[in-house]
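Asker: Handing you this structure, nothing more for now.
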Amino acid sequence: MPTIVEVGASIEGEKIEGHSRDPLSYRGKQRCNEVDCFQFVAKFDVKSLVIEVLVPKTPMISPSAHIGLNDDIVCEQAVISRLLTK
């Protein structure tokens, strides 16, 4: 369960829990690494935790993302992406 603090690092999972001291800003639909998703930005004291790991065959938004159960990230600004479901 590593705490990730590197600039540009990311976590991904089927279910992510988190909070920020400021409200989320909606960025709309985006295409990242050939994956369609909705994006939001969280700012100021962001903390997030993987509470359910990705199921096999789920496309990853960032191929270098940390995907382990209980991996958490602590930062000042985070981009939050959610896969578009068909």
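Asker: Trypsin sites (Lys or Arg not before Pro), restricted to the stretch 1-52: which are DSSP loop and have at most 14 other Cβ atoms within 10 Å?
Answerer: 21
Asker: Which residue, chosen from 60, 3, 48, occupies the Cα position most advanced towards the positive end of the dipole of the stretch 3-83, where the dipole is computed from +1 (Lys, Arg) and -1 (Asp, Glu) charges on Cβ about the Cα centre?
Answerer: Of the options given, the answer is 60.
Asker: Give me the net charge for the shell around residue 13: Cβ to Cβ below 13 angstrom, other residues only, Lys and Arg +1, Asp and Glu -1.
Answerer: Values: positive: 15, 82; negative: 12, 14, 17, 52, 71, 72.
So the environment of residue 13 carries a net charge of -4.
Asker: Rounding to the nearest 20 debye, state how big the charge dipole of the chain is about its Cα centre with +1 on each Lys and Arg Cβ and -1 on each Asp and Glu Cβ. Mind showing how you got there, number by number?
Answerer: Working: 10 positive and 12 negative charges, 82 e Å.
In debye, rounded to 20, the chain gives about 400.
Asker: Please return the longest range in the chain lying between exposed loop sites, taking GluC sites (Glu not before Pro), DSSP loop only, at most 15 other beta-carbon atoms within 10 Å, and leaving the sites out.
Answerer: 35-86
We did not get these values from a lab; they are worked out from the coordinates using the rules stated. Computed from a predicted structure; not experimentally measured. Glycine gets a Cβ as well: all are built from the backbone with ideal geometry, and neighbour counts include every protein chain shown.
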